[in-house]
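The values are calculated or read from the model by the stated rules, or taken from the named source; none is laboratory data. No experiment lies behind these values; they were computed from the predicted model shown. Heads up, the Cβs are rebuilt from the backbone with ideal geometry, glycines too, and the neighbour counts pull from every protein chain shown. Just the protein is used for accessible areas: all its heavy atoms, side chains included, with ligands, DNA and RNA removed. Shrake-Rupley method; radii C 1.70, N 1.55, O 1.52, S 1.80 Å.
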Amino acid sequence: MADVATNATRTSLSMRQPGATRDPVLVALLVAAILLCAAKPVLPDFLVRLPEAWIPPLAQWLDAFFDVITGDMQEGRFGLIYITRWFAEGPLEFLLGVTANLLEGKYRWPYMADPIPWAAVAGLAAVIGYYLGGWKLSLLAGGTFVWTAFMGQWELTMQTLSVLLVAAPLGFFVGLVIGIAAWKYKWFDNAIKPLLAVMQTLPFYTYLLPAVIFFKVGPTAGAIATTIYATPPMILMTTVGLKKVSPEIVEAGKMSGATRWQMLTKVFIPSARTEILVGVNQVIMLCLAMVVLTAFIGMPGLGGKLLAMMNSLKLGRSFEIGITIVLVAITLDRLSKAWVRKLPEHHPKDTPFYIRYKYTVLSVVVFAGLYLLAQPVEILNEVGRRQSLSMGREIDGVFEAFLNLDVVQAITGTIRYVLNVWVLIPFRDALLWIPTSAFILLVVAFAYGVGGKKPAIYAAIFFSIVALSGWWDRSVITLYSVLSAMAISMMIGIPIGILAARSEKWSERMLLACDTAQTFPSFIYLLPAIMLFGITDTTVVLSIVIFTMVPLTRYTIEGLRSVPAEMTEAADMAGCSRWQKLTSVQLPLAMPTMAVGFNQGIMFAFFMVIIAAFIGTQDLGQELQRTLAGTDLGKNFVLGINVSLMALTFDMAILSWANRRKRALGLD
């Protein structure tokens with residue numbers, strides 16, 4: 001602890017030394033960028049914007065590549081599409097048919113006359129919730145399905161869950177196998193790490209179009225896009241878990257004579273249970289987030305209905321569907337996290353079957369009892385329109401009346417005017433005015449100043465590729481939305497985190513709120529912004545602000561709570577005021593943790609700005625959305641890679657800074 005205090009003091013002092021940050025390389029980069037901006041009127045054209053003739057036809061090259069590997073079924077040219085279509089029309093469609101029949105009654109195998117009654121599903125969910133987490137979780141799980149049924153959204157929810165029930169296990173299995181391979185073979189681990197980093201920053205539109213082309217429009221494409229999108233965290237968590245298995249456990253397995261297969265299945269995987277189940281939680285949550293977004297390629301369900309309602313500005317009904325999605329998300333999150341914490345129970349050998357498997361028996365009894373009871377009692381089988389408690393139309397009226405209030409219109413109008421006229425548009429125009437060469441130098445200077453030499457080199461390469469892609473202005477507009485939203489988020493989220501961290505009680509409450517908010521599918525964050533500001537640029541930025549405030553607030557609290565008590569006591573004994581203690585001791589020590597929040601916030605912002613494209617933006621997201629109407633795979637990938645490269649630039653710089661800062665403070 002003394003080392004931490006000494007390092008923190010030295011670091012704090014070094015920050016105050018004049019000229020300590022005047023790195024000659026950083027100064028040279030900034031001066032060069034400023035000179036290029038000042039000389040813009042006389043600069044050669046290629047330094048302002050790359051000429052069209054210099055832009056390589058990346059999209060056409062990618063199209064030619066995809067054309068070769070895809071093949072053509074009409075021309076009889078063999079390619080990847082033969083395999084993917086066989087999988088889509090064979091095993092995948094069969095699995096989707098089974099879940100759709102069980103939950104929706106689609107008259108496919110196993111040919112049930114009617115779907116499973118909602119009461120039986122709710123009862124089963126309540127028993128599972130009780131087994132994993134007690135009465136509270138039981139009420140949440142059962143209550144979610146009761147709400148869904150009585151809000152008249154049962155069929156929509158089952159359409160969504162029928163795809164989720166196929167995509168999540170598929171994502172788990174694929175992620176587990178690849179994760180084991182990455183743990184086993186170092187070269188494979190090194191090869192897939194960059195790919196996983198790109199996959200985690202690619203916009204979701206980039207997953208949708210290939211899924212449609214290779215796996216047909218509809219649930220098959222939705223299931224594949226969802227599976228691929230959710231797999232990377234499972235791979236990473238499996239690899240991390242297997243690497244953490246202690247040598248003593250491995251040695252004990254070898255001494256008992258276990259074969260390689262037994263070592264994997266009986267020693268390594270059970271020992272890595274916690275990390276693997278955390279991966280399962282991530283797979284389930286990402287599957288739910290993505291399956292809602294597959295509404296853009298015609299996937300029915302909650303996402304499709306929400307998209308239709310939002311397009312027609314029926315906010316009341318959008319609000320109800322939003323609550324359903326949030327409840328389903330929270331339920332799945334809490335159930336999977338409880339599964340992580342739940343330890344296996346062991347019974348003596350002579351324990352009766354009904355005690356050893358009491359929860360299984362209870363599940364069967366409750367499910368079968370409610371299933372049979374629902375046959376004569378119609379309301380337990382299906383809630384009709386007359387019994388529905390939906391008040392969407394009434395809520396539409398309430399929202400409309402509220403938004404038409406003079407006070408509300410004056411406040412939202414002022415915010416919209418100030419943000420648009422004084423902040424957002426001038427900032428966007430300023431970024432677009434900067435010559436491309438100067439812009440790249442500024443980004444490189446940022447990466448060098450924050451992360452050091454390596455992130456700066458990558459920033460130069462990544463942004464040069466963006467410039468060569470031919471979509472520079474659209475990329476800058478995307479970046480403008482991200483930076484604007486992050487600046488506003490920091491001004492709101494960090495003070496909230498600081499205030500909450502002053503009280504243990506409020507810290508816990510705020511962290512619970514952040515945990516809950518992070519389970520919401522990102523689509524939900526558009527609702528409050530659209531309700532208040534309609535379809536405008538302000539809505540795009542504010543929806544990103546709402547989305548990114550969550551990690552900023554969360555990691556500010558976590559960072560301040562992680563400051564050693566000895567440090568704050570030393571500051572008190574030195575006679576520091578509350579402000580001095582905060583700015584000179586607590587915030588500097590909390591910054592490495594807060595940097596994780598900045599990083600997550602920026603990643604969330606790049607994700608959200610693409611979703612907000614359906615409002616009518618002018619950025620890369622808008623172009624990506626247009627590609628869904630055609631077969632421009634090359635253009636789709638070029639646009640997606642641009643977003644990914646910009647996000648990775650910030651990701652590498654901030655994480656590098658956080659790691660250096662931890663080492664400097666002796667916290668690593």
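Side notes on the structure shown:
- With at most 13 other Cβ atoms within 10 Å, longest stretch of the chain clear of loop GluC sites (Glu not before Pro) (DSSP): 346-668
- Over 19 Å (Cα to Cα) - which of LYS243/LYS266; LYS337/LYS358; LYS266/LYS337 fall in this group: LYS337/LYS358; LYS266/LYS337
- Segment 612-641 residues near the modelled ARG85 label - backbone nitrogen below 19 Å, point 7 Å along Cα→Cβ: 630-633
- The overall shape of segment 124-242, judged from the alpha-carbon gyration tensor, is oblate: a/c is not under 1.5, and a/b is no greater than b/c.
- Integer Hz, Karplus 6.51/-1.76/1.60 couplings in order for segment 643-654, x for Gly and Pro: 4, 4, 5, 5, 5, 5, 4, 5, 4, 5, 5, 5
- Within the chain: Cβ-based charge dipole about Cα centre, in debye rounded to nearest 20 (Lys, Arg +1; Asp, Glu -1): 1460
- Counted by Cβ distance under 15 Å from ILE461, the other residues give a net charge of +1, where Lys and Arg count +1 and Asp and Glu count -1.
- Label-point separation in nm, VAL217 to ILE355, each point 7 Å along Cα→Cβ: 6.0
- 3J(HN,Hα) along segment 606-618: 5, 5, 6, 5, 6, 5, 5, 4, 5, 6, x, 7, 10 Hz, from the Karplus curve 6.51 cos²θ - 1.76 cosθ + 1.60 with θ = phi - 60°, whole Hz, x for Gly and Pro.
- The heavy atoms of ILE83 present about 90 square angstrom of accessible area, all protein chains included, probe 1.4 Å.
- Euclidean distance between Cα centres, segment 445-459 to segment 149-206, Å: 31
- In segment 28-89, the chymotrypsin sites (Phe, Trp or Tyr not before Pro) that fall in loop regions by DSSP, at most 11 other Cβ within 10 Å: PHE78
- The solvent-accessible area of ASP572, taken with every protein chain present and a 1.4 Å probe, is close to 80 Å².
- Placing ARG386, ARG273 in order of accessible area, with the largest value first and a 1.4 Å probe, yields ARG386, ARG273.
- Environment charge of GLN600, counting only residues whose C-beta is closer than 15 Å and scoring Lys/Arg +1, Asp/Glu -1: -2
- Angle in degrees between helix 537-561 and the longest Cα principal axis of the chain, rounded to the nearest 10: 90
- Note that segment 54-65 has calculated 3J(HN,Hα) couplings of 8, 7, x, x, 4, 4, 5, 4, 5, 4, 5, 4 Hz, one per residue in order, obtained from phi through the Karplus relation 6.51 cos²θ - 1.76 cosθ + 1.60 (θ = phi - 60°); glycine and proline are x.
- Ordered by solvent-accessible area of protein heavy atoms (1.4 Å probe), largest first, the residues ILE284, ILE128 come out as ILE128, ILE284.
- A probe of 1.4 angstrom, applied to the heavy atoms of all protein chains, finds LYS266 with accessible area near 150 square angstrom.
- Long-range HN-HN contacts of ARG77 with modeled amide H, under 5 Å: ASP72
- Here r is the Cβ-Cβ distance between LEU264 and HIS347 and R0 is 30 Å; the resulting FRET efficiency, rounded to 0.05, is 0.70.
- Cα gyration tensor category, rounded, prolate or oblate, for segment 250-333 with a/c compared to 1.5: prolate
- Relative contact order of segment 401-503: 22 percent, from C-alpha pairs under 8 Å at least 6 residues apart in sequence.
- Length-normalised contact order of segment 36-142 in % [C-alpha pairs under 8 Å, at least 6 apart]: 10
- Sparsely packed trypsin sites (Lys or Arg not before Pro) within segment 336-365, loop by DSSP, other Cβ within 10 Å at most 15: LYS342, LYS349
- Summarising the amide proton neighbourhood of MET151: residues at separation of 5 or more, or on other chains, whose placed amide H is nearer than 5 Å comprise LEU389.
- Distance between the C-alpha centres of segment 313-339 and segment 643-668: 33 Å, rounded to the whole angstrom.
- Cut-off 15 Å between beta-carbons: net charge of the residues surrounding TYR130, Lys and Arg +1, Asp and Glu -1: +4
- Between PHE427 and ILE323, the contour length at 0.36 nm per residue exceeds the alpha carbon distance by 33.9 nm.
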